[in-house]
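What follows is a set of notes on a single structure, which appears directly below.
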Amino acid sequence: MSRIVLNGEKMISEDLAYGYLAEKLDLPDSFDNSLDELWNLMIDVNIPMSIQIVNTEELLSNLGDLGEEFLQLFEDASAENDDLNVSIE
């Protein structure tokens with residue numbers, strides 16, 4: 001199982017957040033920095049993957065509504081995809 005820790009302290013702007021997610025999640029070069037595409041990629045994960053999101057207070061402080069949308073996306077994708085396990089701290 002692939003284990004990935006996403007640190008909310010690293011996501012200080014929209015551009016940096018998408019870049020950080022692309023790097024940590026090994027997203028394709030064609031990733032277009034959109035919630036829709038991130039959703040599609042997360043529900044298409046077909047190998048067991050565990051994502052732990054830490055320092056969510058900083059994530060929400062830095063990104064506001066977008067931070068909330070990221071967290072909701074990961075929660076929803078985890079509920080939709082049995083190969084994806086997400087914990088938010």
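For Ser30 and Asp76, the FRET efficiency from 1/(1 + (r/R0)^6), where r spans their Cβ atoms and R0 equals 30 Å, is about 0.85. Under 5 Å from the amide H of Gln52 lie the amide H atoms of Ile4, Val5, Leu6, Ser87, each residue being 5 or more positions distant or on a separate chain, with H modelled from the backbone and absent for Pro and chain starts. Using the Karplus relation 6.51 cos²θ - 1.76 cosθ + 1.60 with θ = phi - 60°, the per-residue 3J(HN,Hα) values for segment 41-58 come to 5, 6, 6, 8, 4, 10, 10, x, 9, 10, 10, 10, 9, 10, 6, 5, 4, 5 Hz, with x marking Gly and Pro. Ellipticity at 222 nm from helices only: DSSP H runs of n ≥ 4 in the chain, each -39500 (n - 2.57), divided by the residue count, give -15000 deg cm²/dmol.
The Cα atoms of the chain cover 31, 29, 18 Å along the three principal axes, with the biggest extent listed first. A straight line joining the Cα centroids of segment 51-89 and segment 4-20 runs 11 Å.
A simple rule links phi to the HN-Hα coupling: the Karplus curve 6.51 cos²θ - 1.76 cosθ + 1.60 with θ = phi - 60°, which for segment 15-27 gives 4, 5, 5, 5, x, 5, 4, 4, 5, 5, 8, 6, 6 Hz, with x for Gly and Pro.
Coordinate-derived values only; no laboratory data. Model, not experiment: these values are computed from the prediction. Using ideal geometry, Cβ is built from the backbone for each residue, glycine included, and neighbour counts are taken over all protein chains shown.
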